[in-house]
Amino acid sequence: MKHFKKLINVDKEKRLFTAEGGIMISELNELLRDRGYALSVLGSISELTLAGVICTGTHGTGIQFGNLASSVTEIELMTSDGEIRTLSKEADGDVFRAAAVSLGCLGVILKVTAKCEEAFNLKQNSYGANIKDLLENLDVHLKASDHFRFMWYPHTDQCVTFHTRRTQEAVRRSHSWFWDYLIGFYLLEFLLWISTWFKGFVPLINRTYSRINSKPSEFIDVSYKVFNFNCLFRQYVMEWAIPIEKTQLALFELKNWIGNSGFEAHSPVEVRFVRGDDMLLSPANGRDVCYVNIIMYRPYNKLVAHAEYWEAFKQIMLRNDGRPHWAKDHLMTAKELRPLYPKWDTFCRIRQKMDPKGMFMNENLKNTLSYS
Ligand SMILES: Cc1cc2nc3c(=O)[nH]c(=O)nc-3n(C[C@H](O)[C@H](O)[C@H](O)COP(=O)(O)OP(=O)(O)OC[C@H]3O[C@@H](n4cnc5c(N)ncnc54)[C@H](O)[C@@H]3O)c2cc1C
(Lines give C-alpha, C1' and ligand atoms only; values in the text may rest on other atoms or scores of the structure.)
Protein backbone atom coordinates (compact mmCIF):
# COMPACT_ATOMS: atom_id res chain seq x y z
CA MET A 1 0.00 0.00 0.00
CA LYS A 2 3.01 2.30 0.19
CA HIS A 3 2.21 3.65 -3.30
CA PHE A 4 -1.42 4.36 -2.35
CA LYS A 5 -0.66 7.57 -0.52
CA LYS A 6 -2.35 10.44 -2.31
CA LEU A 7 -4.69 13.03 -0.86
CA ILE A 8 -7.22 12.99 -3.69
CA ASN A 9 -9.66 15.73 -2.82
CA VAL A 10 -10.84 18.15 -0.14
CA ASP A 11 -14.51 19.10 -0.39
CA LYS A 12 -14.42 22.45 1.40
CA GLU A 13 -18.18 22.87 1.48
CA LYS A 14 -18.89 19.50 3.10
CA ARG A 15 -15.64 19.45 5.08
CA LEU A 16 -14.74 16.03 3.72
CA PHE A 17 -11.43 14.75 2.36
CA THR A 18 -10.73 11.68 0.25
CA ALA A 19 -7.33 9.98 0.48
CA GLU A 20 -5.77 6.64 -0.45
CA GLY A 21 -5.63 4.03 2.30
CA GLY A 22 -1.83 3.79 2.46
CA ILE A 23 -1.22 7.47 3.20
CA MET A 24 0.62 8.08 6.47
CA ILE A 25 -1.38 10.21 8.91
CA SER A 26 1.75 12.38 9.27
CA GLU A 27 1.66 13.18 5.53
CA LEU A 28 -2.10 13.66 5.60
CA ASN A 29 -1.74 16.18 8.45
CA GLU A 30 0.68 18.28 6.37
CA LEU A 31 -1.30 18.02 3.12
CA LEU A 32 -4.55 18.98 4.82
CA ARG A 33 -2.86 21.87 6.60
CA ASP A 34 -1.53 23.20 3.27
CA ARG A 35 -5.20 23.46 2.23
CA GLY A 36 -6.32 24.98 5.55
CA TYR A 37 -7.81 21.81 7.09
CA ALA A 38 -7.08 19.27 9.84
CA LEU A 39 -8.31 16.04 11.40
CA SER A 40 -10.43 16.74 14.49
CA VAL A 41 -8.60 14.29 16.74
CA LEU A 42 -5.54 12.04 16.58
CA GLY A 43 -3.83 9.34 18.61
CA SER A 44 -0.43 9.83 20.17
CA ILE A 45 1.59 9.29 16.98
CA SER A 46 0.99 9.94 13.28
CA GLU A 47 3.46 7.45 11.78
CA LEU A 48 0.52 5.17 10.99
CA THR A 49 -1.50 4.68 7.82
CA LEU A 50 -5.02 5.96 7.32
CA ALA A 51 -6.33 2.43 6.61
CA GLY A 52 -4.44 0.99 9.61
CA VAL A 53 -5.91 3.44 12.12
CA ILE A 54 -9.41 2.94 10.78
CA CYS A 55 -9.26 -0.86 10.76
CA THR A 56 -8.17 -1.04 14.40
CA GLY A 57 -10.44 1.62 15.93
CA THR A 58 -7.49 3.87 16.79
CA HIS A 59 -8.53 6.76 19.03
CA GLY A 60 -7.35 9.97 20.67
CA THR A 61 -9.13 11.65 23.55
CA GLY A 62 -12.07 14.03 24.07
CA ILE A 63 -15.54 12.97 25.09
CA GLN A 64 -17.10 14.87 22.18
CA PHE A 65 -14.86 13.01 19.72
CA GLY A 66 -15.22 9.45 18.48
CA ASN A 67 -12.36 7.23 17.34
CA LEU A 68 -10.86 8.05 13.93
CA ALA A 69 -13.04 5.52 12.09
CA SER A 70 -16.16 7.30 13.32
CA SER A 71 -15.37 10.28 11.07
CA VAL A 72 -15.34 8.08 7.94
CA THR A 73 -18.26 8.48 5.52
CA GLU A 74 -17.14 6.29 2.60
CA ILE A 75 -14.70 3.42 2.05
CA GLU A 76 -13.50 2.01 -1.26
CA LEU A 77 -12.65 -1.64 -0.74
CA MET A 78 -11.19 -4.35 -2.97
CA THR A 79 -12.85 -7.60 -1.91
CA SER A 80 -11.46 -11.14 -2.19
CA ASP A 81 -13.03 -11.67 -5.64
CA GLY A 82 -11.19 -8.62 -7.01
CA GLU A 83 -14.30 -6.45 -7.11
CA ILE A 84 -13.96 -2.82 -6.04
CA ARG A 85 -16.88 -1.73 -3.86
CA THR A 86 -17.69 1.70 -2.49
CA LEU A 87 -19.39 1.45 0.89
CA SER A 88 -21.08 4.50 2.31
CA LYS A 89 -22.31 5.30 5.78
CA GLU A 90 -25.69 6.37 4.42
CA ALA A 91 -26.40 3.51 2.02
CA ASP A 92 -24.66 0.40 3.33
CA GLY A 93 -25.78 0.01 6.95
CA ASP A 94 -24.12 -2.86 8.79
CA VAL A 95 -21.73 -3.67 5.93
CA PHE A 96 -20.27 -0.16 6.18
CA ARG A 97 -20.27 -0.38 9.98
CA ALA A 98 -18.35 -3.67 9.70
CA ALA A 99 -15.86 -2.28 7.17
CA ALA A 100 -15.13 0.83 9.25
CA VAL A 101 -13.43 -1.19 12.04
CA SER A 102 -12.71 -4.40 10.14
CA LEU A 103 -9.33 -5.58 11.52
CA GLY A 104 -8.38 -5.72 7.84
CA CYS A 105 -10.37 -8.88 7.14
CA LEU A 106 -13.08 -7.65 4.76
CA GLY A 107 -10.82 -6.51 1.93
CA VAL A 108 -8.12 -4.04 1.00
CA ILE A 109 -9.05 -0.43 1.76
CA LEU A 110 -8.07 1.60 -1.28
CA LYS A 111 -9.68 4.96 -0.50
CA VAL A 112 -11.28 6.64 2.48
CA THR A 113 -13.54 9.69 2.64
CA ALA A 114 -13.76 11.25 6.08
CA LYS A 115 -14.62 14.46 7.90
CA CYS A 116 -12.10 17.19 8.54
CA GLU A 117 -12.35 20.70 9.95
CA GLU A 118 -10.66 24.05 9.45
CA ALA A 119 -7.05 23.94 10.62
CA PHE A 120 -6.70 24.94 14.26
CA ASN A 121 -4.17 25.47 17.01
CA LEU A 122 -4.40 23.78 20.39
CA LYS A 123 -3.42 25.11 23.78
CA GLN A 124 -2.38 22.42 26.28
CA ASN A 125 -2.26 22.99 30.03
CA SER A 126 -0.87 20.25 32.22
CA TYR A 127 -0.58 20.05 35.98
CA GLY A 128 -0.51 17.53 38.81
CA ALA A 129 -3.58 16.22 40.66
CA ASN A 130 -4.41 13.69 43.34
CA ILE A 131 -6.06 10.59 41.84
CA LYS A 132 -8.96 10.56 44.33
CA ASP A 133 -9.76 14.26 43.80
CA LEU A 134 -9.47 13.85 40.06
CA LEU A 135 -11.80 10.85 39.84
CA GLU A 136 -14.35 12.44 42.16
CA ASN A 137 -14.42 15.47 39.85
CA LEU A 138 -14.12 13.61 36.57
CA ASP A 139 -17.25 15.20 35.06
CA VAL A 140 -15.86 18.67 35.69
CA HIS A 141 -12.57 17.74 34.01
CA LEU A 142 -14.33 16.16 31.03
CA LYS A 143 -16.33 19.33 30.40
CA ALA A 144 -13.47 21.73 31.09
CA SER A 145 -11.64 21.24 27.78
CA ASP A 146 -12.00 19.69 24.32
CA HIS A 147 -9.48 16.88 24.75
CA PHE A 148 -8.96 15.82 28.35
CA ARG A 149 -6.66 12.97 29.36
CA PHE A 150 -4.59 12.07 32.38
CA MET A 151 -1.76 9.82 33.44
CA TRP A 152 -1.65 8.04 36.76
CA TYR A 153 1.69 7.02 38.27
CA PRO A 154 1.35 3.54 39.88
CA HIS A 155 2.62 3.22 43.48
CA THR A 156 1.64 6.89 44.04
CA ASP A 157 -1.57 8.91 44.40
CA GLN A 158 -0.30 11.34 41.81
CA CYS A 159 -1.69 12.04 38.33
CA VAL A 160 -0.75 14.51 35.63
CA THR A 161 -3.77 16.02 33.87
CA PHE A 162 -3.74 17.38 30.32
CA HIS A 163 -6.42 19.88 29.29
CA THR A 164 -6.27 20.73 25.60
CA ARG A 165 -8.44 23.37 23.94
CA ARG A 166 -8.87 24.90 20.50
CA THR A 167 -7.44 28.42 20.45
CA GLN A 168 -7.03 31.40 18.12
CA GLU A 169 -3.71 32.23 19.81
CA ALA A 170 -0.45 31.90 17.89
CA VAL A 171 2.03 29.04 18.35
CA ARG A 172 4.02 29.46 21.57
CA ARG A 173 6.19 26.54 22.59
CA SER A 174 9.65 26.06 24.00
CA HIS A 175 11.66 22.86 24.23
CA SER A 176 14.11 22.01 26.97
CA TRP A 177 16.78 19.55 25.93
CA PHE A 178 17.66 19.05 29.60
CA TRP A 179 14.13 18.17 30.84
CA ASP A 180 12.61 16.68 27.68
CA TYR A 181 15.52 14.52 26.57
CA LEU A 182 18.25 14.19 29.20
CA ILE A 183 15.90 13.70 32.19
CA GLY A 184 12.65 12.71 30.44
CA PHE A 185 14.19 10.16 28.06
CA TYR A 186 17.83 9.13 28.56
CA LEU A 187 17.93 9.14 32.36
CA LEU A 188 14.52 7.46 32.60
CA GLU A 189 15.55 4.64 30.28
CA PHE A 190 18.76 4.13 32.27
CA LEU A 191 16.88 4.07 35.60
CA LEU A 192 14.32 1.59 34.25
CA TRP A 193 17.17 -0.60 33.03
CA ILE A 194 18.74 -0.57 36.52
CA SER A 195 15.32 -1.42 37.94
CA THR A 196 15.24 -4.68 35.97
CA TRP A 197 17.71 -5.96 38.63
CA PHE A 198 16.48 -3.85 41.56
CA LYS A 199 12.71 -4.00 41.12
CA GLY A 200 12.02 -2.10 44.34
CA PHE A 201 13.43 0.92 42.52
CA VAL A 202 10.32 1.27 40.30
CA PRO A 203 8.06 3.02 42.86
CA LEU A 204 10.86 5.53 43.51
CA ILE A 205 11.21 6.21 39.77
CA ASN A 206 7.43 6.66 39.48
CA ARG A 207 7.34 9.05 42.45
CA THR A 208 10.24 11.10 41.13
CA TYR A 209 8.85 11.41 37.59
CA SER A 210 5.32 12.13 38.83
CA ARG A 211 6.75 15.13 40.70
CA ILE A 212 8.83 16.31 37.77
CA ASN A 213 5.92 16.02 35.33
CA SER A 214 3.39 17.62 37.69
CA LYS A 215 5.01 21.02 37.26
CA PRO A 216 2.33 23.21 35.59
CA SER A 217 3.05 23.87 31.95
CA GLU A 218 1.32 25.55 29.02
CA PHE A 219 2.06 25.65 25.30
CA ILE A 220 0.29 26.27 21.99
CA ASP A 221 1.00 24.53 18.71
CA VAL A 222 -0.74 23.38 15.52
CA SER A 223 -3.27 20.66 16.29
CA TYR A 224 -1.38 17.54 15.27
CA LYS A 225 1.79 18.60 17.07
CA VAL A 226 -0.18 18.75 20.31
CA PHE A 227 -2.23 15.57 19.79
CA ASN A 228 1.00 13.66 19.12
CA PHE A 229 3.60 13.22 21.82
CA ASN A 230 6.83 11.36 22.43
CA CYS A 231 6.04 7.72 23.32
CA LEU A 232 9.65 7.22 24.49
CA PHE A 233 11.31 3.82 24.01
CA ARG A 234 10.19 0.24 23.29
CA GLN A 235 7.31 -0.93 25.41
CA TYR A 236 4.61 -3.53 25.98
CA VAL A 237 1.14 -2.01 26.09
CA MET A 238 -2.34 -3.24 26.79
CA GLU A 239 -5.38 -1.00 26.48
CA TRP A 240 -9.07 -1.55 27.15
CA ALA A 241 -12.20 0.56 26.75
CA ILE A 242 -14.67 0.51 29.65
CA PRO A 243 -18.00 2.35 29.95
CA ILE A 244 -17.15 5.84 31.14
CA GLU A 245 -19.17 5.49 34.34
CA LYS A 246 -16.86 2.63 35.42
CA THR A 247 -13.71 4.78 35.30
CA GLN A 248 -13.40 5.38 39.03
CA LEU A 249 -14.21 1.82 40.07
CA ALA A 250 -11.86 0.21 37.56
CA LEU A 251 -8.93 2.51 38.37
CA PHE A 252 -9.29 1.95 42.10
CA GLU A 253 -9.43 -1.82 41.48
CA LEU A 254 -6.23 -1.54 39.47
CA LYS A 255 -4.60 0.65 42.13
CA ASN A 256 -5.54 -1.87 44.84
CA TRP A 257 -4.21 -4.79 42.81
CA ILE A 258 -0.88 -3.05 42.22
CA GLY A 259 -0.71 -2.08 45.91
CA ASN A 260 -1.46 -5.62 47.14
CA SER A 261 0.29 -7.80 44.58
CA GLY A 262 3.82 -6.51 44.99
CA PHE A 263 4.13 -6.15 41.20
CA GLU A 264 6.29 -3.16 40.28
CA ALA A 265 4.25 -1.46 37.55
CA HIS A 266 5.87 1.11 35.30
CA SER A 267 4.27 4.49 34.81
CA PRO A 268 2.18 5.96 33.47
CA VAL A 269 -1.24 4.38 33.24
CA GLU A 270 -2.76 6.54 30.54
CA VAL A 271 -6.47 7.37 30.70
CA ARG A 272 -8.40 8.81 27.74
CA PHE A 273 -12.05 9.35 26.83
CA VAL A 274 -13.90 8.66 23.58
CA ARG A 275 -17.47 9.22 22.40
CA GLY A 276 -19.55 6.13 21.64
CA ASP A 277 -20.26 5.00 18.06
CA ASP A 278 -22.14 2.34 16.11
CA MET A 279 -19.40 0.38 14.34
CA LEU A 280 -19.87 -3.33 14.88
CA LEU A 281 -16.42 -4.12 16.29
CA SER A 282 -15.56 -0.75 17.78
CA PRO A 283 -14.65 -0.96 21.48
CA ALA A 284 -16.81 2.18 21.84
CA ASN A 285 -19.85 0.57 20.18
CA GLY A 286 -22.99 1.77 21.96
CA ARG A 287 -21.33 3.61 24.85
CA ASP A 288 -19.03 6.52 25.71
CA VAL A 289 -15.81 4.99 26.95
CA CYS A 290 -12.77 5.50 29.08
CA TYR A 291 -9.65 3.90 27.58
CA VAL A 292 -7.13 2.68 30.15
CA ASN A 293 -3.65 1.90 28.81
CA ILE A 294 -1.04 0.11 30.92
CA ILE A 295 2.61 0.02 30.00
CA MET A 296 5.81 -1.86 30.78
CA TYR A 297 8.89 -0.37 29.14
CA ARG A 298 11.68 -2.42 27.62
CA PRO A 299 14.74 -0.30 28.46
CA TYR A 300 17.49 -0.84 25.85
CA ASN A 301 15.14 -3.45 24.37
CA LYS A 302 15.45 -5.76 27.38
CA LEU A 303 12.61 -8.25 27.92
CA VAL A 304 10.61 -7.35 31.03
CA ALA A 305 8.26 -9.76 32.82
CA HIS A 306 4.68 -8.54 32.65
CA ALA A 307 2.38 -11.59 32.30
CA GLU A 308 1.02 -11.37 35.87
CA TYR A 309 0.17 -7.65 35.45
CA TRP A 310 -1.43 -8.24 32.03
CA GLU A 311 -3.65 -11.05 33.29
CA ALA A 312 -4.77 -9.10 36.38
CA PHE A 313 -5.54 -6.03 34.25
CA LYS A 314 -7.51 -8.12 31.77
CA GLN A 315 -9.65 -9.56 34.59
CA ILE A 316 -10.28 -6.09 36.06
CA MET A 317 -11.29 -4.76 32.65
CA LEU A 318 -13.59 -7.75 32.01
CA ARG A 319 -15.28 -7.25 35.39
CA ASN A 320 -15.92 -3.65 34.32
CA ASP A 321 -17.47 -4.50 30.92
CA GLY A 322 -14.26 -3.72 29.07
CA ARG A 323 -13.39 -4.41 25.45
CA PRO A 324 -9.76 -4.59 24.33
CA HIS A 325 -8.01 -2.33 21.82
CA TRP A 326 -7.56 -4.41 18.65
CA ALA A 327 -4.03 -3.20 17.93
CA LYS A 328 -2.56 -3.92 21.37
CA ASP A 329 -1.95 -7.08 23.45
CA HIS A 330 -5.29 -8.48 24.55
CA LEU A 331 -4.96 -12.22 25.33
CA MET A 332 -8.57 -12.78 24.23
CA THR A 333 -10.09 -15.57 22.16
CA ALA A 334 -13.23 -15.44 20.01
CA LYS A 335 -15.16 -17.27 22.74
CA GLU A 336 -14.37 -14.53 25.25
CA LEU A 337 -14.83 -11.67 22.78
CA ARG A 338 -18.20 -12.68 21.36
CA PRO A 339 -20.32 -11.79 24.45
CA LEU A 340 -18.70 -8.35 24.59
CA TYR A 341 -20.07 -7.19 21.22
CA PRO A 342 -23.83 -7.12 20.55
CA LYS A 343 -23.27 -7.42 16.79
CA TRP A 344 -20.40 -9.93 16.83
CA ASP A 345 -22.36 -12.55 14.87
CA THR A 346 -23.48 -9.97 12.30
CA PHE A 347 -19.82 -9.02 11.74
CA CYS A 348 -18.82 -12.69 11.33
CA ARG A 349 -21.65 -13.28 8.83
CA ILE A 350 -20.61 -10.24 6.77
CA ARG A 351 -16.97 -11.37 6.85
CA GLN A 352 -17.92 -14.89 5.74
CA LYS A 353 -19.97 -13.50 2.85
CA MET A 354 -17.34 -11.02 1.68
CA ASP A 355 -14.34 -13.35 2.04
CA PRO A 356 -15.69 -16.95 1.96
CA LYS A 357 -12.26 -18.51 1.36
CA GLY A 358 -10.57 -16.54 4.15
CA MET A 359 -8.09 -14.78 1.85
CA PHE A 360 -7.67 -11.94 4.36
CA MET A 361 -7.39 -14.16 7.46
CA ASN A 362 -4.11 -14.83 9.27
CA GLU A 363 -3.35 -16.91 12.38
CA ASN A 364 -4.09 -14.02 14.72
CA LEU A 365 -7.43 -13.23 13.07
CA LYS A 366 -8.39 -16.91 12.99
CA ASN A 367 -7.92 -17.07 16.74
CA THR A 368 -9.68 -13.75 17.32
CA LEU A 369 -12.67 -14.47 15.09
CA SER A 370 -12.82 -18.27 15.50
CA TYR A 371 -12.36 -19.15 11.85
CA SER A 372 -11.08 -22.51 10.68
C1 LIG B 1 4.01 4.28 19.29
C2 LIG B 1 2.56 3.92 19.09
C3 LIG B 1 1.58 4.78 19.59
C4 LIG B 1 0.23 4.45 19.41
N5 LIG B 1 -0.72 5.30 19.91
C6 LIG B 1 -2.02 4.98 19.76
C7 LIG B 1 -3.04 5.86 20.24
O8 LIG B 1 -2.77 6.95 20.75
N9 LIG B 1 -4.33 5.47 20.12
C10 LIG B 1 -4.67 4.27 19.55
O11 LIG B 1 -5.85 3.96 19.48
N12 LIG B 1 -3.73 3.45 19.04
C13 LIG B 1 -2.42 3.77 19.13
N14 LIG B 1 -1.48 2.94 18.61
C15 LIG B 1 -1.90 1.74 17.89
C16 LIG B 1 -1.97 2.06 16.39
O17 LIG B 1 -2.90 3.07 16.14
C18 LIG B 1 -2.36 0.83 15.59
O19 LIG B 1 -1.37 -0.13 15.79
C20 LIG B 1 -2.54 1.13 14.10
O21 LIG B 1 -3.34 0.16 13.53
C22 LIG B 1 -1.25 1.08 13.40
O23 LIG B 1 -1.44 1.53 12.08
P24 LIG B 1 -0.55 0.93 10.93
O25 LIG B 1 -0.68 1.82 9.76
O26 LIG B 1 0.82 0.64 11.44
O27 LIG B 1 -1.38 -0.38 10.65
P28 LIG B 1 -0.88 -1.86 10.55
O29 LIG B 1 -0.31 -2.26 11.88
O30 LIG B 1 -0.07 -2.04 9.34
O31 LIG B 1 -2.28 -2.58 10.34
C32 LIG B 1 -3.25 -2.57 11.34
C33 LIG B 1 -4.45 -3.37 10.82
O34 LIG B 1 -5.02 -2.69 9.72
C35 LIG B 1 -5.07 -3.55 8.59
N36 LIG B 1 -4.79 -2.75 7.40
C37 LIG B 1 -3.76 -1.89 7.21
N38 LIG B 1 -3.86 -1.33 5.98
C39 LIG B 1 -4.97 -1.86 5.39
C40 LIG B 1 -5.62 -1.68 4.13
N41 LIG B 1 -5.16 -0.82 3.22
N42 LIG B 1 -6.74 -2.38 3.88
C43 LIG B 1 -7.24 -3.24 4.79
N44 LIG B 1 -6.68 -3.45 6.00
C45 LIG B 1 -5.56 -2.76 6.29
C46 LIG B 1 -4.02 -4.62 8.83
O47 LIG B 1 -4.36 -5.80 8.15
C48 LIG B 1 -4.09 -4.78 10.34
O49 LIG B 1 -5.14 -5.63 10.70
C50 LIG B 1 -0.13 3.25 18.73
C51 LIG B 1 0.86 2.42 18.21
C52 LIG B 1 2.19 2.77 18.36
C53 LIG B 1 3.24 1.86 17.76
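The values are calculated or read from the model by the stated rules, or taken from the named source; none is laboratory data. Keep in mind the model is a prediction, meaning the values are calculated, not measured. For accessibility, only protein heavy atoms count, side chains too; no ligands or nucleic acids. Shrake-Rupley method; radii C 1.70, N 1.55, O 1.52, S 1.80 Å.
Among Asp81, Asp157, what's the order by accessible area (1.4 angstrom probe), most exposed first?
Largest accessible area first, the list is Asp81, Asp157.
Starting from the Kirkwood radius over alpha-carbon pairs of the chain, derive D by Stokes-Einstein at 10 °C in a medium of 1.306 mPa s and give it in µm² s⁻¹.
74
Give the carbon-plus-sulfur fraction of the accessible surface of the chain in %, rounded to a whole number; probe 1.4 Å, heavy atoms of protein chains only.
The value for the chain is 52 percent carbon and sulfur by accessible area.
When we measure straight from the Cα of Lys199, which aspartates and glutamates land under 13 angstrom away, once same-chain ones fewer than 8 places off are left out?
The reachable aspartates and glutamates, counting only those whose Cα sits under 13 Å from Lys199, are Glu264.
If you plug each phi of region 96-113 into the Karplus form 6.51 cos²θ - 1.76 cosθ + 1.60 with θ = phi - 60°, what whole-Hz ³J(HN,Hα) values come out, in order, with x for Gly and Pro?
Working through the residues one at a time gives 5, 5, 7, 6, 5, 10, 10, 6, x, 9, 9, x, 8, 7, 8, 9, 9, 10 Hz.
Report the rotationally averaged projected area of region 121-324 based on its alpha-carbon convex hull, in square nanometres.
Seen from a random direction, the Cα hull of region 121-324 projects 11.6 nm² on average.
Give me the accessible area of Glu27, 1.4 Å probe, in Å² rounded to the nearest 10.
We get 70 Å² for Glu27.
What translational D, rounded to a whole number of µm²/s, comes out for region 231-363 from Stokes-Einstein when the hydrodynamic radius is the Kirkwood one over Cα pairs, at 25 °C and 0.890 mPa s?
152
What lysines could a cross-link reach from Lys357, if we take a straight Cα to Cα line under 20 Å and drop same-chain neighbours fewer than 8 places away?
Lys366
Quick one: of Lys89/Lys328; Lys132/Lys246; Lys89/Lys343, which pairs are farther than 19 Å apart, Cα to Cα?
Beyond 19 Å between Cα atoms: Lys89/Lys328.
Might you tell me the accessible area per residue for region 288-372, computed with a 1.4 Å probe and given in Å²?
50
Take every Cα pair under 8 Å in the chain that's 6+ residues apart, average their separations, divide by the length, and report that relative contact order as a whole percent.
Relative contact order of the chain: 19 percent.
Note down the relative contact order for region 121-324 as a percent, whole number, built from C-alpha pairs under 8 angstrom at least six residues apart.
Contact order relative to length: 27 percent.
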